[in-house]
Amino acid sequence: MTSLVIFELIILLIITLINAMIPFIMPDTLVFGVRVPPQHVHDAAIATAKHRFYSRWGILVLLQVATSVIGINEYRHAPEGLWLAYLFIVLVANYVNYFMTRRGLLVRKEEEKWYAGLTESLVADTSALNREPMPTLWWGLPALLVIFFTVIVIWRQYGSLPNTIAIHYGLYGKPNAYGHKSIWLVAQPLWQEIMFTSIILAGHIYIRRFALRLDPASPTSSKQRALLLRRMGLRIMWLLAGIINLSLLIAYLPILTNSSPAGYAQTSIVLVLIATIIPVILFALVAHKYRHERPVPSETKQVHRDDDRYWRAGAFYFNRDDSALLVPKRFGIGMTFNFGHPVAWVFLAIIILIPVTVSVLTVTTNR
Amino acid sequence: MEIFLNLTDQAPLYQQIRDQVVVGLARGDLNEGDSLPATRKLAADFGINFHTVNKAYDILRQEGIVRLNRKTGALIVLDKTPPDFKERFLGTAEVWLAEAIVKGLSPHEILGTCKSILESFTAPSRRTGAGEGGEVHD
């Protein structure tokens, strides 16, 4: 089904576009994942790094558009694996661009000794989160309403479904797996909706416990920025939960109604696209607006600790001396695990085990 | 209140936390009844090991400045000043002032510094039995 392939290519292009936004949404003191003291935010090395990043990015976009056009014309009926490999290559290429830029900047920082004469410090606000208002749980209402609606659909449809039902459709819309009717199988969208919503709910309840990292050179403005983005991020996650729940219900409608999947998968993907792009753009605009830290007095020697060494490959945080399980991501949006914390590995195992177990259960109980 | 940790300072991190809580109290940035974040939360905000914060809180507890609670973290409670505090304080102050003289600071300079520091402590003296509080005189 060519239209689905086109959708996938559009998603890929959007990922590449989002990649280009990274330098715009990060604080001036965190460029391509490299910690920059306020005294060096206007260094020529940073302008050069940005220039190189966008040059490579431009080439990537051109290559992507060219290969996509060729792909649609020549390989639209190619095996699904080929398209997945293509998706993987594009993602890796974008990451390599980020990694190379970061590396170049790290070398310059080291050579020019940006931290010489400065005092590396840490700061925490003892009252930061206790007094700050956070969004209410009402933001979860749309997600809950979709769950409620899913229950009704499953309840109404279950009796009329045949004993053998299609349980999975390939990229081109043909059923590639069948199973015996059971509540476990038919209610798949419901289980997924509940799991996804529960994760967001847990994040909401524990939001005040998440690490709030401030900049000692500008504690007030970095706190305002962090709290603003945190509040906004939470609202966006709830709206995202509502739309993803809806897209799950729509994606499973062919199974629930035992009909052809034409149109359902596309609608589902369009919903996910809208759910992702609009919040990301909104978030990026706000992050961009507040990325300039308050001007730092020239006599200030107290700056944020140079924490580049804790970010393996510029993306994975590993610090055994840090008690935080989740830390703000190095390139902007969301949180990531501290892999120096043993519990992070437990969560990682659970995250991997859940889909594997669900797949194995689905396959074994229906053979 | 913001607590800053200087990573190049010779003073250990737990000592820096303890000292800044005490200074914060004197300045009125912190008050009796205020709560400090739970150990793990404060450690996570700094990005340091929670044992460091634990140690700072434990010293403050021993000094009768905070009461620890597993759920709510640390609560500022200023216990009654121990009777021997004044004596210990005088001993510390003597060494500290002697150090300044040995390093070449003039008595006038030292007094000026002491005065401006004391003036920055806006909080009235809450302790009973030690120190009378009130105005600072040369």
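Table for the structure above
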read-out	value
Helical mean residue ellipticity (222 nm; -39500 (n - 2.57) per DSSP H run of 4+; nearest 500) of the protein assembly as shown	-19000 deg cm²/dmol
Heavy-atom accessible area order for A:316, B:121, largest first, 1.4 Å probe	A:316, B:121
Tilt relative to chain B, helix B:107-120 - C-alpha long axis, 0 to 90 degrees, to 10	40 degrees
Fraction of antiparallel bridges per DSSP, chain A only, in percent to nearest 5	75 percent
Lysine pairs with alpha-carbon atoms under 24 Å apart, chain A, spacing 8 or more or separate chains	11
Per-residue SASA entry for residue A:91, accessible area with 1.4 Å probe, Å² rounded to 10	70 Å²
Crossing angle, helix B:13-27 versus chain B [Cα axis fit, 0-90 degrees, rounded to tens]	60 degrees
Solvent exposure, largest accessible area first (probe 1.4 Å, DNA, RNA and ligands not counted), of A:43, A:307, B:9	B:9, A:43, A:307
Under 23 Å from residue B:115, Cα to Cα: lysines that are on another chain or at least 8 residues apart	B:86, B:103
Cα shape, the stretch A:1-153, gyration tensor, a/c 1.5 rule	oblate
Spatially proximal aspartates and glutamates relative to residue B:55 (Cα-Cα < 16 Å; intrachain offsets below 8 disregarded)	A:321, A:322, B:19, B:63
Choice from B:45, B:29, B:58 with maximal GNM fluctuation in chain B (Cα, 10 Å cutoff)	B:45
Segments A:273-281, A:322-330 sorted - mean Cβ within 10 Å per residue, highest first	A:322-330, A:273-281
Range in chain B, longest, excluding exposed trypsin sites (Lys or Arg not before Pro) [loop by DSSP; at most 11 other beta-carbon atoms within 10 Å]	B:1-69
The stretch A:95-201: C-alpha gyration tensor shape, a/c 1.5 cut-off, then a/b vs b/c	oblate
Under-5 Å amide H pairs with residue A:329, H placed in peptide plane, nonlocal only	A:334, A:335, A:336
Shape call, chain A: gyration tensor on alpha carbons, a/c limit 1.5	prolate
Integer Hz, Karplus 6.51/-1.76/1.60 couplings in order for the stretch A:28-36, x for Gly and Pro	4, 8, 9, 9, 6, x, 9, 6, 10
Choice from B:98, B:38, B:74 with maximal GNM fluctuation in chain B (Cα, 10 Å cutoff)	B:98
With every protein chain in place, the stretch A:45-185: carbon and sulfur % of accessible area (1.4 Å)	68 percent
Filtered chymotrypsin sites (Phe, Trp or Tyr not before Pro), the stretch A:1-95: DSSP coil and at most 16 other beta carbons within 10 Å	A:75
Phi to ³J(HN,Hα) by Karplus 6.51 cos²θ - 1.76 cosθ + 1.60 over the stretch B:2-12, Hz, x for Gly, Pro	8, 10, 9, 10, 8, 6, 9, 5, 6, 5, x
Dimensionless Rg/Rh of the stretch B:1-112 - Kirkwood Rh, Rg from C-alpha atoms	1.03
Solvent accessible area, Å² - residue A:31, 1.4 Å probe, full protein context	10 Å²
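The values are calculated or read from the model by the stated rules, or taken from the named source; none is laboratory data. Keep in mind it's a predicted model, so treat the numbers as computed, not measured. Please note: Cβ atoms are built from the backbone with ideal geometry, for glycine as well, and neighbour counts cover all protein chains shown. These accessible areas exclude ligands, DNA and RNA; they are computed on the full protein's heavy atoms, side chains included. Shrake-Rupley method; radii C 1.70, N 1.55, O 1.52, S 1.80 Å.
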